[in-house]
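The values are calculated or read from the model by the stated rules, or taken from the named source; none is laboratory data. Keep in mind that what you see is a predicted model, and the values were worked out from it rather than measured. We place every Cβ from the backbone using ideal geometry, glycine too, and count neighbours over all the protein chains shown. The protein model used for the area step is the full one, side chains on, heavy atoms only, and it has no ligands, DNA or RNA in it. Shrake-Rupley method; radii C 1.70, N 1.55, O 1.52, S 1.80 Å.
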Amino acid sequence: MPAEHLARFLSEHWGEPVSISGLKRFHGGSARQTYRFDAIGASGRREALVLRRDPPSSLIETDRLAEYRAIQCFAGSNVPVPEPIFCDEGPDSFGSPGFLMREVPGGAAAGLLEPEPYGEHAAAIGQQFFTALGRIHAADPARARLPAMASADAAAARLAHWKAAFDADAFRPEPLLDAAFRWLAANLPPPPEYISIVHGDYRSGNFLHDGAGTLLAVLDWEMVHPGDAHEDLAWACDPLWSNFSGRPAATLPLAEAIATWEAASGLTLNPESWRWWRLFAQVQGLVIWISAAREIIDGRSHDPVLMFAGTIPYRFHCVTLARALEALT
Amino acid sequence: MSLPLPALLTALANAQANEVAPALQLLGQPAAPDANYAGGTAATSALILMIAAAETAARPAREAACAAAARALIGGAADGRDSRAAALGALLAQGDNRALALLKAEAEAEWAVLAGLMLPPPVGIE
């Protein structure tokens, strides 16, 4: 519990004694521990803040500085994000590496199994969701201080990343994944027009909305990297994030979602790339779910969230991947 | 499923003792910093318990059906999830789409166990 770390850190930064109240840890989000709290200075200064810090066992290994820089990159822009405040890559400030943001008031995130999470506002949310994605992809990756990447490497690098994770964490035969990896390696897509900022986990559930049709903030940038914009679009449109609606992110029909993204990004969907990245999205998902299961099996965690990842999403993606492979033959 | 049932049950037992029991104590203390987190932990754990129970009941029949369906193609390797998966994977690598059909049927049968938890089948996006 980081209250004492927070009080000490903020007292130093504000130059006055600071107390912490309303500290609350959010459930879910295995890559980070997330807390909200009110910081109250002796002078009466009061701010509602959010801390994201590393947990002892993470579903995915990520770089908190890259996440922080991505949020900084879009702060104050037409891509809604929380206001970033401070990042510490070490344990001194928050007990483990982490960063502070200003709280986005009045926001809620959709649950994976929640039917029609946006209700009558689904279309409005979808317009904002895919517009924001297009704007992210139109931005210069140098603004987020991401490393340079050659367009020709975009697909191969991501494939190698998730293949290495699979090889490290697989604990039993996974013939559907093996077949998918073979197909992806043998059918690399054309290079993207240019390298984009890829959010890496852009989907329903990873943004806040106000319940009345306004998208308040895009969250969970911990997997941000340079790459092909089709990667994010395919992940955002993966059936797992559709809440069983058949519509991307439980919002717009697919054609409208793509048109919205194209209008905002200035990019044109490449059908060949789209086919490749849609299959890749399911492969990425399955590797994440297997890695979660491996954490449990090896006794590094008994977090029910990781058990959930190793059961329901795993089975979902096994079904959809089998269907996708069948469609390729 | 990805998490083998024995491993899942062991982890659940640990979770009940180390995560859920403390969580339940916190549920009665809404001002405690981790009370909200505890509520989510308890709810997710309850869902996993239901999955484990459904899987325990369904697995023997599903396993027998999947083995019977695969036996004509891979013989004795059909018995047991991992040997069946390895044998079907080897055939799939050679382009045998009968192996893919069997793997798909097994994946759909695994998902069907979740129907008891009111989860509908995966819906494609086209």
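One table, with the values for the structure above:
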item	result
Segment B:99-124, residues that are more than 9 Å from chain A (Cβ to nearest Cβ) and under 13 Å from A:Leu325 (Cβ atoms)	B:Leu102
Which listed residue is open to solvent by 40 Å² or more (accessible area, probe 1.4 Å) and either away from chain B (no Cβ under 12 Å) or touching a helix residue (DSSP H, G or I) at 6+ places or on another chain (Cβ under 8 Å) (or both), from A:Glu174, A:Glu193	A:Glu193
Residue within segment A:114-127 that is under 18 Å from the mean Cα position of the chain (by Cα) and surrounded by fewer than 18 Cβ atoms within 10 Å (Cβ to Cβ) present	no
Only one of B:Ala15, B:Ala43 that is over 11 Å from the mean Cα position of the chain (by Cα), open to solvent by 30 Å² or more (accessible area, probe 1.4 Å), under 28 Å from B:Ala109 (Cα atoms) and within 12 Å of chain A (Cβ to nearest Cβ)	B:Ala43
Qualifying residue in segment A:225-247 (condition: at positive phi, outside any helix (DSSP H, G or I) and among the acidic types (Asp, Glu))	no
Unmet requirement for A:Arg300, which otherwise passes all of (1) outside any loop (DSSP other than H, G, I, E, B); (2) open to solvent by 30 Å² or more (accessible area, probe 1.4 Å)	(1)
Test: residue in segment A:307-327 that is open to solvent by 20 Å² or more (accessible area, probe 1.4 Å), modelled with pLDDT of 95 or more and under 20 Å from the mean Cα position of the chain (by Cα)	no
Among residues of segment A:303-329, those that are in contact with a Phe, Trp or Tyr (Cβ under 8 Å, 6 or more places away or on another chain), in a helix (DSSP H, G or I) and at the interface with chain B (Cβ under 8 Å from one of its Cβ atoms), counted	6
Count of residues meeting criterion [open to solvent by 20 Å² or more (accessible area, probe 1.4 Å), facing chain A (nearest Cβ under 7 Å) and not charged (D, E, K, R)] in segment B:82-91	1
